[in-house]
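The values are calculated or read from the model by the stated rules, or taken from the named source; none is laboratory data. Here the structure is a predicted model, which is why all the values come from computation and not from measurement. Here the Cβ is made from the backbone with ideal geometry for all residues, glycine too, and neighbour counts use every protein chain on show. Remember, those area values only see protein heavy atoms, side chains included, never the ligands or the DNA or RNA. Shrake-Rupley method; radii C 1.70, N 1.55, O 1.52, S 1.80 Å.
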Amino acid sequence: MFRLASCMFALASLATTASALTVCHDFTWHKLTGADGDNLGKEEMIKRLESKDHKYRRIYSFTSTDAAALAKGQRYLRTGDVVVIGTGNGHSGIMTANGLDHFIQVPGEVGQKRAPGNLPKGPTRAKGANAPEDIFGGHFMGDSLERMIGRLSGRGGAQPVAIYSKTDDLKVKITWNTKTDVDLWVEEPNKAKCWYSNRMTVNGGHLLEDITSGFGPEHYAMARAVPGSYVIKVNYYSGPRNAKVEPTTVTIEVTKFAGTPNAQTQTFTKTLNDRSETQTVHTVQFE
């Protein structure tokens, strides 16, 4: 396997060039947005990913030497997901329909700005590069996670890996029309239940809010669904203190493959008439 340079080199002084990339995070950001990252650092890139404008979140973290976790991470990847590897300024790339796309600085060209459409194909190195002969860089397309990690030089041993995504295999939203406490329950495979008492399940299901004073919304998200049935329920927990119980209409939006071209949304309504009443809304099946 080739041993390649990472994007962690200190940068030389740079000429100003429009639409030019210098480091791997510039490349990732350009692939995602079409903009120049301008020597973008890892932490700033993550901050931008997680901003309200982009709405990415970390869906899976693992250690590169964990073979089972590495295989799971590969299965998790969807087009548009961002992979961040390593400590310090690290390395990053983006998932495309053909695999992971990433750029490693070319030995002998550290700090050189390059046009996004004219990146040298890896593995390559500049003539007379002041780097060990087994160190390479360049633009790599269609890599697996394992291959991407293996291309980084000087990274012996375990490395942290994180996957950032804005897609969900299953997403549920509920709203309701009274000042009552209505709860969203999702009963997942493996006897896991996501609700206010267990807002993060072993399967990765996440209840984002627990609204207790009316109207909602409450959201459930499952980034990558394990196979099996997902039973969606709504529960009338309580009304306002000392207030009369009143019928409450709950609107439930259920989306499979949210954030992808294959998104499918169904909308349901249920009326809850009394405290402790629970109604099953819908069952979603994943193979």
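LYS31 - would you say it is under 26 Å from THR260 (Cβ atoms), open to solvent by 50 Å² or more (accessible area, probe 1.4 Å), modelled with pLDDT under 95 and not hydroxyl-bearing (Ser, Thr, Tyr)?
No, not satisfied.
Out of SER92, SER153, report the one residue that is surrounded by 15 or more Cβ atoms within 10 Å (Cβ to Cβ), farther than 28 Å from GLY34 by Cβ and among the hydroxyl-bearing types (Ser, Thr, Tyr).
The conditions single out SER153.
Restricting attention to region 227-250, which residues are closer than 22 Å to ALA192 by Cβ, modelled with pLDDT of 95 or more and either in a loop (DSSP other than H, G, I, E, B) or not basic (Lys, Arg) (or both)?
Within region 227-250, PRO227, GLY228, SER229, TYR230, VAL231, ILE232, VAL234, ASN235 meet the criteria.
Please state which of the following conditions GLU253 fails to meet, knowing it meets all the rest: (1) in contact (Cβ under 8 Å) with a residue 24 or more places away in the chain; (2) charged (D, E, K, R); (3) assigned to a loop (DSSP other than H, G, I, E, B); (4) out of contact with any Phe, Trp or Tyr (no Cβ under 7 Å at 6 or more places or on another chain).
Checking GLU253 against (1) in contact (Cβ under 8 Å) with a residue 24 or more places away in the chain; (2) charged (D, E, K, R); (3) assigned to a loop (DSSP other than H, G, I, E, B); (4) out of contact with any Phe, Trp or Tyr (no Cβ under 7 Å at 6 or more places or on another chain), the one that fails is (3).
What about MET148, is it surrounded by fewer than 19 Cβ atoms within 10 Å (Cβ to Cβ) and at pLDDT 90 or above?
Answer is no for this residue.
Say we look at region 78-88 and pick out the residues that are open to solvent by 30 Å² or more (accessible area, probe 1.4 Å) and farther than 21 Å from VAL226 by Cα; which of these is nearest to the chain's Cα centre (by Cα)?
THR87
Quick check on this structure: which one of VAL231, VAL245 is out of contact with any strand residue (DSSP E or B) (no Cβ under 7 Å at 6 or more places or on another chain), more than 20 Å from TYR60 (Cβ to Cβ), surrounded by 14 or more Cβ atoms within 10 Å (Cβ to Cβ) and of a type in the set (A, V, I, L, M, F, W, C)?
VAL245
Filter region 53-77 down to the residues that are open to solvent by 50 Å² or more (accessible area, probe 1.4 Å) and part of a loop (DSSP other than H, G, I, E, B), then identify the one that is nearest to GLY205 (Cα to Cα).
If we take residues in region 53-77 being open to solvent by 50 Å² or more (accessible area, probe 1.4 Å) and part of a loop (DSSP other than H, G, I, E, B), then LYS55 is nearest to GLY205 (Cα to Cα).
Which one of these does TRP185 not meet: (1) open to solvent by 10 Å² or more (accessible area, probe 1.4 Å); (2) under 22 Å from TYR56 (Cα atoms); (3) in contact (Cβ under 8 Å) with a residue 12 or more places away in the chain?
The single condition TRP185 does not satisfy is (2).
In region 193-214, how many residues are buried (at least 18 other Cβ atoms within 10 Å of the Cβ) and in contact with a His (Cβ under 8 Å, 6 or more places away or on another chain)?
Here the count works out to 2.
Could you look through region 188-213, keep only residues that are of a type in the set (A, V, I, L, M) and touching a residue at least 12 places away in the same chain (Cβ under 8 Å), and pick out the one that is nearest to SER51 (Cα to Cα)?
The selected residue is LEU208.
Looking at region 39-62 only, could you name the residues that are in contact with a strand residue (DSSP E or B) (Cβ under 7 Å, 6 or more places away or on another chain), farther than 22 Å from ARG224 by Cα and not aliphatic (A, V, I, L, M)?
LYS42
Please specify each residue of region 164-196 satisfying the condition of being under 30 Å from HIS25 (Cα atoms) and in a helix (DSSP H, G or I).
Residues satisfying the conditions do not exist here.
Going through GLY142, GLY128, GLY138 one at a time, which residue ends up being over 20 Å from SER61 (Cβ atoms), in contact with a Ser or Thr (Cβ under 9 Å, 6 or more places away or on another chain) and surrounded by fewer than 17 Cβ atoms within 10 Å (Cβ to Cβ)?
Answer to the check: GLY142.
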